[in-house]
């Protein structure tokens, strides 16, 4: 099996494989399929992502897209590679094509010194054994706009056009630098928002300075009734409290048109802002009097490819004096069963016996990204610490900020 970048002449073959693997694309006519081919050719092999194929004698049997991003890891920009659009030809399923492509991708990351990877899993039970750990819980709120606060000043809100892209880029760079887990916004992502006429872009601008922006569109919960509509938010970031309150007032003012405001975020505190956060006023959850507030789900998955490099960044961020030296034993089942030990990156006292953490690769990835705490992992018996008296101190040392932000793949 050969894995390599696909050539421009192979784009049609790539598109056929993608369509067979993802029938939900719903390319119902030859014109739809030809349009898909042209879109792929238009964005073929950029600096931001590349298309790869897995080839046997009979041709392309698998494909994937590798995305080049940068992530704010504890205040420092690090390269992170996204793995997306993984597809296997229908005639070659259960032949480990996907596993071979992922193993190749991770080996390629090691060679390029890329310490982190991420993906959005089609099947979590497939990717967890391969070392990909759960990211933070994603909350989808479905809020009645009539119950949102509306004390903000909307006068500085305006629709954004492509002329505002420099302002948006500057704003995103400031926001991306402010929190652990943010991805640096790419030109492709901004272009996607402005290329789609159905997406509305609204910004809060003060003194020619963007302090917040929102991207949304309208979705119909019942296709047979066009009078029912939901406002679906794809992007919403605020740098100031004034911008945040202005957008809440804007959303409140839509109460005559939209039944619900749908918004995905890793922040559970939004519930406290809404006077009535119930997503379904006709439903309660037994056996107690409790009410559904949107949905919670998994989303982004992370894998730490270079544990030693990430361990060094962690110790620099936390300080080497914040915890006694320790080792981390990481059990991997992919691509082969083996155990890797990551050691404290500074010299320790002679003959000093260090505490040992023991986890799987996926659990280690979640802890080192901040979406799982060591103490929680020990409680559920998916991690162990010896001696046990070290658990509290090590848990405090390894508690990281919740990673914010999902890239647009």
Run the numbers on the chain and let me know its relative contact order in percent, using alpha-carbon pairs under 8 Å that are six or more apart. 18
Calculated [θ] (222 nm, deg cm²/dmol) that DSSP helices of n ≥ 4 give over the chain, each run adding -39,500 (n - 2.57): -8000 deg cm²/dmol
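To make sure I understand, if each residue's beta carbon is the centre and we count other beta carbons within 10 Å, what order do 194, 171 fall in, fewest to most? Don't skip to the end; give the middle numbers.
Values: 194 16, 171 24.
Going from sparsest to densest Cβ surroundings: 194, 171.
Nearest 5 is fine: what % of DSSP beta bridges in the stretch 256-409 come out antiparallel, could you say? Please report the intermediate quantities before stating the final value.
On the way: 11 of 16 bridges.
If I count the DSSP bridges inside the stretch 256-409, around 70 percent turn out antiparallel.
Under 1.5 on a/c is rounded, so check that first for the stretch 125-193, then, if it is not, pick prolate when a/b is larger than b/c and oblate when it is not; a ≥ b ≥ c are the square roots of the alpha carbon gyration tensor eigenvalues.
Note, shape of the stretch 125-193 comes out oblate.
Which order results if 366, 178, 371, 297 are arranged by neighbouring Cβ count within 10 Å, fewest first? Don't jump to the answer; show the numbers that get you there.
Working: 366 26, 178 13, 371 22, 297 10.
Ordered from fewest to most neighbouring Cβ atoms within 10 Å, 366, 178, 371, 297 come out as 297, 178, 371, 366.
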Descending packing, highest mean Cβ count within 10 Å first, for 7-14, 67-74 is 67-74, 7-14
Could you let me know the centre-to-centre spacing of the stretch 118-145 and the stretch 273-296, using Cα atoms, in angstrom? 22
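With the convex hull built on the Cα atoms of the stretch 2-114, state its orientation-averaged projected area in nm². Could you put the intermediate results ahead of the total?
On the way: hull surface 32.9 nm².
Hull-based average projected area comes out at 8.2 nm².
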Relative to the compact-globule estimate 2.2 N^0.38 Å (N residues), the Cα gyration radius of the stretch 139-297 stands at a ratio of 1.09
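Take every Cα pair under 8 Å in the stretch 139-297 that's 6+ residues apart, average their separations, divide by the length, and report that relative contact order as a whole percent.
Details: 275 pairs, mean separation 59.9, N = 159.
Here the relative contact order equals 38 percent.
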Over the stretch 216-327, volume per residue of the alpha carbon convex hull, in Å³: 227
Using mean Cβ contacts within 10 Å as the protection proxy, how do 226-234, 141-149 order, highest first? 141-149, 226-234
For the chain, share of DSSP beta bridges that run antiparallel, in % to the nearest 5: 85
Residues 98, 323, sorted so that the one with the fewest Cβ neighbours within 10 Å comes first: 323, 98
Enter the Cα centre distance for the pair the stretch 19-53 and the stretch 214-272, rounded to the nearest angstrom. 30
Expressed as a rounded percentage, what relative contact order does the stretch 303-398 have, with Cα pairs under 8 Å and six or more residues apart? 28
Any idea how far apart residue 170 and residue 219 come out in nm if each label point goes 7 Å out from Cα toward Cβ? 3.4
Ratio of the Cα radius of gyration of the chain to 2.2 N^0.38 Å, where N counts its residues: 1.09
A student asked for the Cα radius of gyration and Dmax of the stretch 259-409 in angstrom ought to give 19.6, 67
Show log10 I(q)/I(0) for the stretch 78-180 at q = 0.16, 0.22, 0.23 Å⁻¹, two decimals, from a solvent-free Debye sum over equal Cα scatterers. -0.98, -1.27, -1.31
So, in nm, how far is label residue 208 from label residue 353 when the simple model puts each one 7 Å beyond its Cα toward the Cβ? 6.8
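Computed from the coordinates by the stated procedures, all read-outs in this text should not be read as laboratory data. None of the values given here were measured: they were computed from a predicted structure. Positions of Cβ are backbone-derived with ideal geometry, glycine not excepted, and every protein chain shown enters the neighbour counts.
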